[in-house]
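Presented below is the structure to which this report refers.
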Amino acid sequence: MALAAVAAIVIYAEFSPSATALPHWVWLLIITAIMFGYLCRAFRRLWRSPKFWIVYVALLFLHVVAWRVLLQRWDSGFLVAATLISGVEFVFLCIVTDQIANTQ
């Protein structure tokens with residue numbers, strides 16, 4: 001059900017004239033806030049660990065740098081591709097953060 005809702009929003013946003021008027025960086029800001037917000041919430045038990053925050057900030061920095069490079073080269077189909085890439089990226093972020101959690 002959640003996947004259908006996300007797919008509907010992405011399709012609407014990709015093909016709606018008002019949604020496509022937003023710059024790519026606004027959509028990236030929304031995706032980043034959702035991804036890293038959920039990541040932070042999922043690993044709430046690690047909030048007191050400095051190691052968690054170092055890894056969290058490093059991953060956020062790498063995310064911003066990588067997407068900045070991608071945005072400079074992107075032309076069309078941004079939202080669909082960004083959603084797919086972000087899904088894979090989120091799984092990677094969870095795996096890395098979980099590895100950090102298990103080494104403490």
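The values are calculated or read from the model by the stated rules, or taken from the named source; none is laboratory data. In this text, all values refer to a predicted model and were calculated from it rather than measured experimentally. When we count neighbours, we look across all protein chains shown, and the Cβ atoms used for this are built from the backbone with ideal geometry, even at glycine.
Please note which helices (runs of 4 or more DSSP H) are completely contained in region 1-102 and include at least 2 residues that are among the aromatic types (Phe, Trp, Tyr) and modelled with pLDDT of 75 or more. Break it down stepwise before answering.
On the way: elements: 2-15, 17-20, 24-42, 50-73, 78-102.
In region 1-102, 24-42, 50-73, 78-102 are the helices (runs of 4 or more DSSP H) which contain 2 or more residues that are among the aromatic types (Phe, Trp, Tyr) and modelled with pLDDT of 75 or more.
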List every residue pair whose Cβ atoms lie under 9 Å apart, where the two residues are 6 or more positions apart in sequence or sit on different chains, the first residue falls within region 82-104 and is closer than 15 Å to Pro50 by Cα, and the second residue, located anywhere, is of a type in the set (D, E, K, R).
Ile100/Lys51; Ala101/Arg45; Thr103/Lys51; Gln104/Lys51
